[in-house]
1. In nanometres, what is the gap between the two model label sites at residue 162 and residue 57, each 7 Å from Cα along Cα-to-Cβ?
2. So if I average 1/r over every pair of distinct C-alpha atoms in the range 180-267 and take the inverse, what Kirkwood radius in Å does that give?
3. At 7 Å along the Cα-to-beta-carbon direction for both residue 33 and residue 246, put a label point, then send me their distance in nm to one decimal.
4. How large is log10 I(q)/I(0) at q = 0.09, 0.17 Å⁻¹ when the Debye formula is applied to the Cα atoms of the range 36-160, each weighted equally and without solvent?
5. Identify the residues of the range 100-116 with backbone N under 19 Å of a label point that sits 7 angstrom from the Cα of residue 45 along the Cα-to-Cβ direction, or state none.
6. Nearest 0.05, what FRET efficiency do residue 114 and residue 266 give at R0 = 30 Å with Cβ-Cβ as r?
7. Compute the projected area of the convex hull of the Cα atoms of the range 122-177, averaged over all viewing directions, and report it in nm² to one decimal place.
8. Take peptides 97-107, 212-222, 47-57 and line them up by average Cβ neighbours within 10 Å, highest first, as a rough protection proxy.
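What follows draws every value from the coordinates through simple rules; no lab data is involved. Being a predicted model, the structure only gives us computed values, none of them experimental. Positions of Cβ are generated from backbone atoms using ideal geometry, with glycine treated the same way; all protein chains shown enter the neighbour counts.
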């Protein structure tokens, strides 16, 4: 092969690599669609949270919102929001949890709002681990609640850290439901929650809205069937994809209380059209 041909092939390869890299960046932007600007401040119905910052292992400083435990409680619920969402809006939803005296820490991700960096699967998991370390240093037990994409992050976190329990809402079992149709082909992020569940031993409550037409309830059903952990599944009438904490907050706090008292077999789910439970299985 002539030297000119070798040079041309090398240039072609570099061009294709650049195009692929650019497409991957674009696809990631479409997948995560991170909101920009400072964290929005919702209307607080009770005490305002403290603005806190954590530092990831790769040196990024991320902003969060934190209610310290009260009423003698030492537990903290780490909250992971979904795509196209932000820590401020999620804090507005979950402030009901803080009103019961529980500690609540609302995380944010790299590339979201004014945070540095760009979102990737590995990056979001690293971000969750940084907030987990913050919570672990301040509470005895850390529970995690994740909405949509945040539920996938929660499962990945549980595969790496020791949690007291997990709650997911409207979480997908594969990337295809959350990504635009082309993103699966262009980006390396996979969010294989089914695979990660094989490394999760923490008890899990899967919540899904019966009226969710964005991520169908079949995804939570599949996650529930797959896990070998102590688990419960609640399909709630009147809930769509967006968190409806008026309906799901009693279920979340009920699950945490049931885990502490060992009474998950008596868990009650108001407005549930389907409630299923299963014990942990032998791995």
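1. The modelled label-to-label distance comes out at 1.7 nm.
2. 14.6 Å
3. It works out to 2.5 nm between the two label points.
4. -0.21, -0.77
5. Once the point is set 7 Å along Cα→Cβ of residue 45, 100-106 turn out to lie under 19 Å by backbone N, inside the range 100-116.
6. The calculated FRET efficiency here is 0.10.
7. The number I arrive at for the range 122-177 is 3.7 nm².
8. Averaged packing, sorted descending, gives the order 97-107, 212-222, 47-57.
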